[in-house]
């Protein structure tokens, strides 16, 4: 009960953040966390924290809890010597690392949704449970990526391939070629998903060739296929997708 | 009938005398000390498994730990396997993995490990007693037959960031133990305890106090928080009666401004007299380290020809990316050869002091250096096969931006002053490399998908076993590096394999996450 009350207070304190608070959170972060999570939160020995959704940190309160108590059975230590306020400041800072704040954009999100539907984006992307999971789910794209990025992804897909998306082409010993997105890999095997959504698993040693195309996109460019206004609207629509129906 | 044989085997269980551990080549398929022998070789004399038959290796049994992060290297003694986890030990029937006894010690609620995970790398045995270090910095002696506590000695105070993760080393009448805490500003040491009573026989400080030899390499009070922890098990030469133990980084890690000087005896190898605890010699690999390149890798005591002359040496692939050979009796520098990409040193001078390149110091904006702060290799073990005179080492090919920060020492908190930033889109990878022991020249490599956290085991049958960050446990041909067998364990592997014999069958065991798996044909 006490713990809940404290956490709640911590959370409440954070929502009234001043720039000084953010600064202090950052300073604390650099002292305590950067050795493992990196100076900018993008990871090292610990995972990348500059992401909107963390497995163990769905909310600022949950992150503060992770900071104070660690994650049992892992290398993530608990920092009991920190005050609740310090933990809350750090949690707010960590949460800010991966979240894109709402911005005022020129386009009209409602019209943008129609552009999305017309252009066949749903053939490759899932939004709020609908569509095909060939490319990344876009339900929370507005939290993950800023408008500049999404515009680039639509116009020049190759310039904005997320690190987790790697296009591979595999030639088997029998000479058959299979291509698609890599979904997993270890030192001996690789798993890919082809454009029809089918999974394939190969032992790398037994293949004639495993080619990886970093930066090659499986998404068509929409440059010239959408008008400037349509593009503005589409970008505004994507920015409005924040995982909150 | 089987039951009777088992009982008999236990009844016949001999004492694990010092001589039995010393003569490990006659250990009859046991694994009696952390590295398999005192010389730190992690090489099994067993020959049943060979490149021709290893493909039929399969799991025989699985043991589940309660904790999910296991770095244990088990011991095997006359039909019983001893495993550890943080503040936990168990004796297992080596045929089935069934527990014969378990022991645990509560972890204090306010305990935190500063700069590393909650792990334990294994136990030591001497006579009929098992020795285990704990997270709260106790050394505990357990009756090998029941797990009952014989004695517990407080080594240090966990509230100041002291902790034991390393397996102790038991020899003659003593138990040697190292300490963790290099990111908490401890003053490091190596301790020896009387195996019978738990009374401390000696303490060897790894950072000198004012007036002691080496204190001229420190200034002001920096030595008090000077680090140089001793968190991986060392080696022992019974003839010289010398213990060889590596030391870790000076504190704070990445900002050396507050500790001008070479900071002896951090990032060094120490040769310590087992009887007295006195230092015979030292060799510092990375003077005034600012990259966290601990020198705690298990030193290997080998005999090899160096530039035409057969010598008794200590061989060690260091975290700073160089493979070193030092004379075993004197510590004289003989050779340093890079075994991984490095961008920080032009080479070594005649006495083995690195000629450091400019602009490699951590900075506020970040300085790109290879290897990364986890090093070109790390705490996980290398191995040595005398027959082919090859050293096998798990290599991390990875660079990082090193950042320098501010740090004020506050007991029981991180004292690191900086950190690293990963390279975006870095093509980091891992490898197992075979080096010619006398020259450090690479003979072959096997590439891994990512930089590994698992050590290697070589065997007289001609195999090298290793683990990957993605959970593969695998066997390579020791002469060519060709992969011969692999098994997906389902969890990244961060420990060292061992091998032993049961009923004439050779087993190989590895821990991965929550489980320990024993394999046989």
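Read the figures in this text as sums done on the coordinates, not as results from a lab. From a predicted model like this one, the values you see are computed outputs, not experimental measurements. Here the Cβ is made from the backbone with ideal geometry for all residues, glycine too, and neighbour counts use every protein chain on show.
Quick notes
- Centre-to-centre, using Cα atoms only, the stretch B:180-250 and the stretch A:138-217 are separated by 50 Å.
- Computed over all pairs of different Cα atoms, the Kirkwood value for the hydrodynamic radius of the stretch A:163-213 is 10.8 Å.
- Sorted largest first, the principal axis extents computed over the alpha-carbon atoms of the protein assembly as shown equal 84, 66, 58 Å.
- Within 10 Å of the Cβ of each residue in B:464-470, the mean number of Cβ atoms contributed by other protein chains is 2.
- Degrees separating the helix B:2-12 axis from the principal Cα axis of chain B, which is the longest one: 50 degrees
- Spin-label zone in the stretch A:142-186 - amide nitrogen under 15 Å from a point set 7 Å from the Cα of residue A:132 along the C-beta vector: A:180-181
- Order by protection proxy (mean Cβ within 10 Å, highest first), peptides A:189-200, B:463-474, A:54-65, B:385-396: B:463-474, B:385-396, A:54-65, A:189-200
- Over chain B, relative contact order from alpha-carbon pairs under 8 Å, at least 6 apart, %: 15 percent
- Between residue A:203 and residue B:19, the distance separating the two model label sites (each 7 Å from Cα on the Cα→Cβ line) works out to 4.8 nm.
- In the stretch B:293-367, the inverse of the mean reciprocal separation of distinct Cα atoms equals 13.6 Å; this is its Kirkwood hydrodynamic radius.
- C-alpha long axis of helix A:228-240 to longest principal axis of chain A, angle in °: 50 degrees
- Counting every C-alpha pair in the stretch B:34-117, the share spaced more than 18 angstrom apart comes to 59%.
- Whole-number D in µm² s⁻¹ for chain A, Kirkwood Cα-pair radius fed into Stokes-Einstein, 4 °C, 1.567 mPa s: 63 µm²/s
- Efficiency of FRET between residue B:275 and residue B:330 - r from beta-carbon atoms, R0 25 angstrom, step 0.05: 0.85
- Between residue A:55 and residue A:223, the distance separating the two model label sites (each 7 Å from Cα on the Cα→Cβ line) works out to 3.8 nm.
- Normalised by the number of residues in the stretch A:163-213, the mean separation of alpha-carbon contacts (under 8 Å, six or more apart) gives a relative contact order of 38 percent.
- Cα gyration tensor shape of the stretch A:99-245, rounded if a/c is under 1.5, else prolate or oblate by comparing a/b with b/c: prolate
- Computed [θ] at 222 nm, deg cm²/dmol, chain A (DSSP H ≥ 4; -39,500 (n - 2.57); rounded to nearest 500): -11500 deg cm²/dmol
- The tail of the calculated P(r) for the stretch A:13-97, taken as Cα-Cα distances beyond 20 Å, holds 22 percent of the pairs.
- Residue B:93 versus residue B:159: modelled label distance in nm, points set 7 Å from Cα along the beta carbon direction: 4.5 nm
- The angle between the Cα long axis of helix A:19-32 and the main principal axis of chain A comes to about 80°, on a 0 to 90 degree scale.
- Rg(Cα) / (2.2 N^0.38 Å) computed for chain B, rounded to two decimals: 0.90
- Over the stretch B:440-493: Rg over Rh, Cα atoms, Kirkwood Rh: 0.96
- At an R0 of 60 angstrom, the distance between the Cβ atoms of residue B:364 and residue B:52 translates into a FRET efficiency of 0.60.
- Here the contact order of the stretch A:13-97, divided by its residue count and restricted to Cα pairs under 8 Å and six or more residues apart, works out to 35 percent.
- Averaged over the residues of B:412-421, the number of partner chain Cβ atoms lying within 10 Å of the residue Cβ comes to 6.
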